[in-house]
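Taking it in order: structure first as structure tokens, then the write-up.
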Amino acid sequence: MTEEINSQIFKILKEAEHPMSTKDIGKAIGKSWHTIQEHCLRLQIAGKVSCFRVGRVNLWSLKK
């Protein structure tokens, strides 16, 4: 399940024209905000995605 969600996150971010919020990724995949946040944080620790905050929103993109 974890790898499936990670693959979906990679696919969404790869196709995105700009960084995406946790909420928008969750909507696209059909998973909760909390689930996506947890997966994205783990991917960030692994060095696979980047994150920055705008106000109270985390924006995610693939690490280049």
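No value in this document is a laboratory result; all are computed from the given coordinates. Computed from a prediction, not measured in an experiment: that's the story for all the values here. Ideal geometry is used to build each Cβ from the backbone, glycine not excepted, and the neighbour counts take in all protein chains shown.
Within the shell defined by Cβ-Cβ distances under 15 Å, the residues around Q44 carry a net charge of +4, with Lys and Arg each +1 and Asp and Glu each -1. Projecting the Cα positions of S50, S32, M1 onto the charge dipole of the chain (unit charges on Cβ atoms of Lys, Arg, Asp and Glu, taken about the Cα centre) puts S50 furthest along the positive direction. Considering only S50, S32, S21, give the residue with the highest GNM mean-square fluctuation for the chain, with springs between Cα atoms whenever their separation is below 10 Å. Of S50, S32, S21, the Gaussian network model singles out S32 as fluctuating most. Restricting to Cα pairs below 8 Å that are 6+ residues apart, what does the relative contact order work out to for the chain? Please round to a whole percent. Relative contact order, the chain: 35 percent.
Label-to-label distance, K31 versus Q44, with points set 7 angstrom from Cα along the beta-carbon direction: 1.6 nm.
From helices alone, the chain scores -17000 deg cm²/dmol at 222 nm; the rule is -39500 (n - 2.57) for each run of n ≥ 4 DSSP H residues, then divide by the residue total. Determine the shape class of the chain: with a ≥ b ≥ c the square roots of the Cα gyration tensor eigenvalues, call it rounded for a/c under 1.5, and otherwise prolate if a/b is greater than b/c, oblate otherwise. Note, shape of the chain comes out rounded.
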